[in-house]
1. Between residue 333 and residue 627, how high is the FRET efficiency from 1/(1 + (r/R0)^6) when r is the Cβ-Cβ distance and R₀ = 41 Å? Nearest 0.05.
2. Separation between the residue 324 and residue 83 pseudo-spin-labels, each 7 Å from Cα along Cα→Cβ, expressed in nm?
3. Would you calculate the separation in nanometres between label points at residue 234 and residue 826, each defined as 7 Å from the Cα along the Cα-to-beta-carbon direction?
4. What full-extension length gain, to one decimal in nm, is calculated for residue 131 and residue 533 as 0.36 nm per residue of separation minus the Cα-Cα distance?
5. Rounded to the nearest 0.05, what FRET efficiency is calculated for residue 490 and residue 222 with R0 set to 51 Å and r the Cβ-Cβ distance?
6. Given 0.36 nm per residue, what is the gain on full extension from residue 262 to residue 122 after removing their alpha carbon distance, in nm?
7. Looking at the chain, send over the antiparallel percent of its DSSP beta bridges, to the nearest 5.
8. May I ask for the angle, rounded to the nearest 10°, between helix 76-87 and the longest principal axis of the chain, with both axes built from Cα atoms and the value confined to 0 to 90°?
C-alpha cells in the first residue's frame, strides 16, 4: 500500500512540476529534452492556499521543508512533505504547484483542502438514558476535525458500550451530514442497531474431580449463568472480567493445596440459547506442608515463630494462607507483625520450597531481622481545610518512637473516625532511611464535606406539619471566629462541633436547641467539653380561657466532660454530664401523673463506653459498647415528708447498648446488637413518675404524636410495628400510657455497600429483630418479645446526614386497647423512614 501511494504521489508531483515548467516557457526552453532529469533548486519560499481554519505557518512547519533547502525537481523531498501532511489526518486533499522560479530559486505553493469539522452529533435507535451515558464516554467535541481515526474510534467505543451490556451483535453506522448553518462543517448521525442481548446460559467444567461444577462456578464473581430463577444475574460475558475470574479460580485451587492447577483450555460457543462456556481444568495433585524450618532468627526461637505461624505439618499446602501468616493476617497475629510492631522495619522473610517429595513440601523460612527503626519525621498532605494539629493529635506514631505497624493501622482508624476525610482514601506510606536506621511516615488524606444543613418538613401527628431548620458544623473553629476572613461561611478546621436547630409549627409547637463540643479541652489530651441549651413548648389545641389551655414547656441546660481511658485499653472513654431541666405543664393529659405543675430535674449521667469500629459511615469490623447510668438526688429518702418533694423528679436509669460488626465475605458485614434499659426509684413508697420512660415501636424517632417525648422518654425502634401513637402499638407505648420502665431488644442485620463514595455512601440491609417494653417489674419477661424481619437501605449524604428506609413485617399480634372498633385490623407490614439517627 505504501509503495502504491508513493508511486501515486510521485506521478502527481511530476505532473505538477511539468505543468509548472509549461507555465514558464523560458525554463522549459532551458530544460529542453532533459526535462525528465532531476534539477537542483534552492527553496526560495513556501506558501499555503486553501487553509481557512488551520494556521499556515504550522502547516509549513509540518512539511519538514525550510527556506534555503536544496530540493530536486523531480525528487523525493516534496513527496516526503506531502506524506507528512497526510499523516496528520486533518486534510482531505494536498497538491503542490510551482509559484515561480527566479534563477536557481524555486517557490512552491501547497494547495490544501481541509477536512470538515464537527458541528453536532445525534444518536438514533437507542433510549435517552443510553444517549446520555454514551455522550459522556465518547470523545466527540464540537469544532474537532472529523478524521477517519475519529470516526473509527467513535464506532468502536459505541459498540464496546453495548457489547459490555450483553448486546454482542450490536452494529454502529456513522453518517456525515453537511451542516448548512456552518461552512465546512458536518453533523454526525450515529445509527445504532443493538440487536438482542446475548447471555451466558451454561457454564460447564471438565477435569474437575475435587470440586463440583457448582463450587467452581461460585468462584466466578462476574461471569455468571443466566437462569430463570437467578433474577439478579445479568449473564453478560466480558472478556476482561472473565480473565479476572479465571485468576480467582486458580487462586481458589492454590488455597486448597492444588498448587499445580491450571486451566488447560476454555471455549465460548454460540448457540440458539445464547453463550455456552466450557472450561477444562487440570487439578494436579493435592500438596501438604511437611517440615517447616527457620533460619536467621535470633530474637525469637523456632517454637515461638512456629506458634505464631500456626501451620501444622499435614495441613493442605496453601500459598495464600502462608502469605497471610507471614506478612499480614487480618484476623490474628503474623510473623511480620511480631517484628514490625517492635520496630524492626527492615525485617524480611522468604519462604523457600526446599524439597518436594510426593505430595509433601518442605519449607525453609529465611529471615533477616535487621535493626530497630525509629520514627524521624511525620508528614501530612491533603488536609486543605482541617488544621494540622487536629490530625497530629490523633496519631499514635510520634517522632522518636519505635516504628510500630499496629499503631500505624490504629492511626489510620483514628483519622477515619474524625469524619472529616474520605476513609477509603487515607494513605500511609513509611519511607525507610537505612543509612541512619530511621523512617519517615507520610500520611495522605482527602477532605470530604462534614457540615450538614437540614431543611425539612414532617408530619408530627399531634401538631400536623412541622418544619425544621438545622445547621451542624462538625469541624468548627472558635479560635478563628475573631477574624472576619475566616468566615467562609464559618470558621473551620479545629475539630469542634457547633449545632443549631429550630423546629416549629405556628403556636402549637416550637423547639430550639444550641450545642457546642470541644473534643480536646486544653489541646493536650482527648478530654472533651460540651454544653447544650434547649427550649421547647407544645400546646394541645387553643382554648379561649387561658386557665383551661393545655401545654407543656421544657427548658434545659447540660454541661459535660469526657476523657479517654488507658485501662483496660485506650478504646475506652468515660464521660460525665450534669443537667437541669424544668417542666411546666398545664392540663396536659398526655402525662397523667404530672398534668399540671412545675417539675424540676437535676440529674447526673456517667457513661463508660468502648468503641473500636474501623469506619463510622460503613463499618466492617469492630464493636461499640456503652453502659450509662443517669441519677437524680434521692429526695424521697433525704426528706420524705417535705410537701414539694413530688415537684423534684427522682429516678435512677440504666442503659446498656452493644453492637458488634463481623465481616462475612468481601464487603458483606453482619451487625449484631443488644439493647437493655431499666428505670427505678429510690423509695418503695413512691411510684415511678411519668418522666424518662421507654416506648417501643416504629422507627424510634420519638416524634410520633404520643406527645410526651418532651418528658425525656426514650423511644426505641422496632421495625415492623406501629409507632407509639397507633392503636396497634406495643402495649406500653399506646397513646395515653406513660411508657415502660424496662425494655430489651436484640437485632441481627446483614449489610452490603452499594456505593462507598464519601459524597453519598449507600448500603442495603436485611434485618431480624425482637424486643419489648414492660410497664412494671412483675410483668417483665425477657422471653415475651415482639419479632420482626425485613429489608432496608441507608444513605449517608455529607450535607444532610443519614437517610434511611426500612420495610418490616411483624410476626406477633398486638392486642389493641379497650374501646378500639371491632372492625379495626392490625397491619403486619410497615414502611419506616429514618432521618438523622440510626435505630437503637
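1. For R0 = 41 Å, the calculated efficiency reads 0.85.
2. Going from the residue 324 label point to the residue 83 one covers 6.0 nm.
3. 4.4
4. Length difference between fully extended and current span is 139.4 nm.
5. Calculated transfer efficiency: 0.65.
6. 45.6 nm is the gain from fully extending residue 262 to residue 122.
7. Of all bridge pairs located within the chain, approximately 85 percent are antiparallel.
8. 20
Computed from the coordinates by the stated procedures, all read-outs in this text should not be read as laboratory data. This is a predicted model, so every value here is computed, not measured. Note that we place each Cβ from the backbone using ideal geometry, even for glycine, and neighbour counts take in every protein chain shown.
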